[in-house]
Amino acid sequence: MKTRKAAAKRMTLTASGKIKRRKCGLTHLQSKRSSRTQDRNNDASQSVAKSDYRAARRMMPHA
């Protein structure tokens, strides 16, 4: 099976088996948001939801 490169570039597999991903909407247009919102979004990584985990693992079989 081939790895889907687009998915592999956006997600990483942790040592415990979870898949980490970035939050969306944080690349630009941040000046209109409050500093409190920006601070909350600084931790921009989240783990993939349980419902999406199986699909994400199928996209990255060799990760």
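Considering only trypsin sites (Lys or Arg not before Pro) in DSSP loops that have at most 10 other Cβ atoms within 10 Å, the longest stretch of the chain without any of them is 33-63.
Partner lysines whose Cα lies under 21 Å from the Cα of Lys32, excluding those fewer than 8 positions away in the same chain, are identified as Lys23.
Can you work out the FRET efficiency for the pair Ala63 and Arg33, with r the C-beta to C-beta distance and R0 = 30 Å, to the nearest 0.05? It would help to have the intermediate numbers written out before the result.
Working: r = 33 Å, r/R0 = 1.09.
The formula returns an efficiency of 0.35 here.
Straight-line reach from Lys18: taking Cα to Cα under 23 Å and skipping same-chain neighbours fewer than 8 places apart, the lysines in range are Lys2, Lys5, Lys9, Lys50.
Simple spin-label estimate for Lys9 and Asn41 gives 2.2 nm between the two label positions (7 Å along the Cα-to-Cβ direction from each Cα). With the convex hull of its Cα atoms as the shape, the chain has an orientation-averaged projected area of 5.2 nm².
Every number here is computed from the coordinates shown, using simple stated rules; none is lab data. Owing to the predicted nature of the structure, the values given are computational and were not obtained by experimental measurement. All Cβ positions, glycine included, derive from the backbone under ideal geometry; neighbour counts span all protein chains shown.
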